[in-house]
Amino acid sequence: MKRSSIPILVAVFASALFSGCAATVPKKDYSAFKAADPHSILIVPVVNRSVDVNAPDYFLSTLSIPVAERGYYVFPVDLVKHLLELDGLADADLVHNADPLKLCSLFGTDSVLYVCIERWDAKYMVFTTQVTVEFDYQLKDCKTGGVIWAERKGMVYSPQQSQSSGNPLADLVAMAISAAITKGMPNYMPLAHQVNGQVFASPKSGGLPAGPYLPDYRKDYDQ
Amino acid sequence: MAKRGLLLLAVSTMLLALTQGCAPSRKYAWGNYDSTMFVHYKKPQEKEAYLERLKQIVENAEAEDRAPPGLYAEYGYALFENGNPKEAIGYFEKERAKWPESNVLMEKMIRNVRRQQETLGTSSPAGPAAGQEGTR
């Protein structure tokens, strides 16, 4: 009797946990995405709203892999960037403001991914440096020009939190070292990779549905 | 200074390992594609080194038969920029054959590189986009 009540209790707790999570994360509407059914994604140069002039190019280098790994054809980002420059669209803002349908026909793509860097900065404190990134992603359909998927995500990295050894003195030394390192040249790339990984991962967490090159294609989002 | 650089390298390598280690294995053989692009944007003047890195990635991906989308085209463009239009066309054709989604763009690239070769002979490259198509 007692034994059999334990699994029930566990199940109740588990369902409470799950429903609790579901309630806090509103489900995304994938109907426009389903209707568009993109097979290819053109990633255009990144718009910069941070003060770091190098951020857009650096961030552009992190986008192809996570998007292509979701099962889509991804156009070569550097080639695309150069073609746009030669066509008079050297500035990413110009590209983002251009008619998406014209970009679509120029490259023969099904959809265009627009990314903006909202934050890319470092805050220096005595013993640590806090690095913050935040990005805005919008995928537009080439049949209608409308947005079929969007996400905004930020992340903060502070070496202080993630490197506790349990020994306060050792922690202090480690902090001092990492502060010196990040002060010399803050490294945003691991953080950028991590944000992309979470953003594109799965429609269950609001990410990109599996594309035609994945076995999950048309199966991994709710009807 | 050198010590700090080494530390930075070690820490960023560890972080990369951490962030990528937990990810499931990849569908395509990307090699160090993302860091190659990163270095290319950091040091755009090192064109030959960029070409060489891309070449390595292409060779490894072909050995595994898992070439990612866009790789042949990116390598083709780097070849073109380094004054090798003939080989560039070969890789644009490869991209088109492997990925039908790239057809429109690759047709355009091949056509423009050929046209430029005809009008300029074998002189230095300027850019294959100069064509009749505009974006605005």
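Where a number appears in this text, it was derived from the coordinates with a stated rule and is not lab data. On a predicted model such as this, the values are computed, not experimentally measured, just so you know. Please note: Cβ atoms are built from the backbone with ideal geometry, for glycine as well, and neighbour counts cover all protein chains shown.
In what order do A:PHE59, A:PHE135, A:PHE33 fall by count of nearby beta-carbon atoms within 10 Å, going from fewest to most?
Numbers: A:PHE59 27, A:PHE135 24, A:PHE33 20.
Ranking A:PHE59, A:PHE135, A:PHE33 by Cβ neighbours within 10 Å, fewest first, gives A:PHE33, A:PHE135, A:PHE59.
How about B:LYS55: which lysines have a C-alpha closer than 17 Å to its C-alpha, ignoring those fewer than 8 places off in the same chain?
B:LYS47, B:LYS86, B:LYS94
Calculate the spin-label point distance for B:LYS86 paired with A:LYS219, positioning each point 7 Å from the Cα along the beta-carbon direction, and give it in nanometres.
4.8 nm
Please turn the phi angles of the range B:47-55 into ³J(HN,Hα) values with the Karplus equation 6.51 cos²θ - 1.76 cosθ + 1.60 (θ = phi - 60°), one per residue in order, whole Hz, x for glycine and proline.
5, 5, 5, 4, 4, 5, 5, 4, 4
Give me the distance between the Cα centres of the range B:21-89 and the range A:39-75, rounded to whole Å.
That distance is 16 Å.
With a Cα-only, solvent-free Debye model of the range A:44-104, what are the log10 I(q)/I(0) values at q = 0.18 Å⁻¹?
Results for the range A:44-104 at q = 0.18 Å⁻¹ read -0.70.
Using the Karplus curve 6.51 cos²θ - 1.76 cosθ + 1.60 with θ = phi - 60°, work out ³J(HN,Hα) for each residue of the range A:30-44 in order, rounded to whole Hz, and write x for Gly and Pro.
Result, rounded to whole Hz: 9, 5, 5, 5, 4, 5, 6, 6, x, 9, 10, 10, 9, 8, 8.
Given +1 on the Cβ of Lys and Arg, -1 on the Cβ of Asp and Glu, and no further charges, what dipole in debye does the range A:104-164 carry about its Cα centre, rounded to the nearest 20?
60 debye
List every residue whose amide H lies under 5 Å from the amide H of A:ILE148, counting only residues 5 or more places away in sequence or on a different chain, with H placed 1.01 Å from N in the peptide plane.
A:LEU139, A:LYS140, A:ASP141
Summing Lys, Arg as +1 and Asp, Glu as -1, what charge do residues with Cβ under 10 Å from the Cβ of A:GLN130 carry, A:GLN130 excluded?
0
Residue by residue, what Karplus-based ³J(HN,Hα) values in Hz, rounded to whole numbers, does the range B:65-74 have, using 6.51, -1.76 and 1.60 with θ = phi - 60° and x for Gly and Pro?
6, 9, 5, x, x, x, 5, 4, 5, 5
Give me A:LEU42, B:LEU120 sorted ascending by neighbouring Cβ count inside 10 Å, so fewest comes first.
Sorted ascending by nearby Cβ count, the order is B:LEU120, A:LEU42.
Around A:GLY154, which amide H atoms from residues at least 5 apart in sequence, or from another chain, sit under 5 Å from its own amide H, with H modelled in the peptide plane?
Hits under the 5 Å cutoff: A:PHE135.
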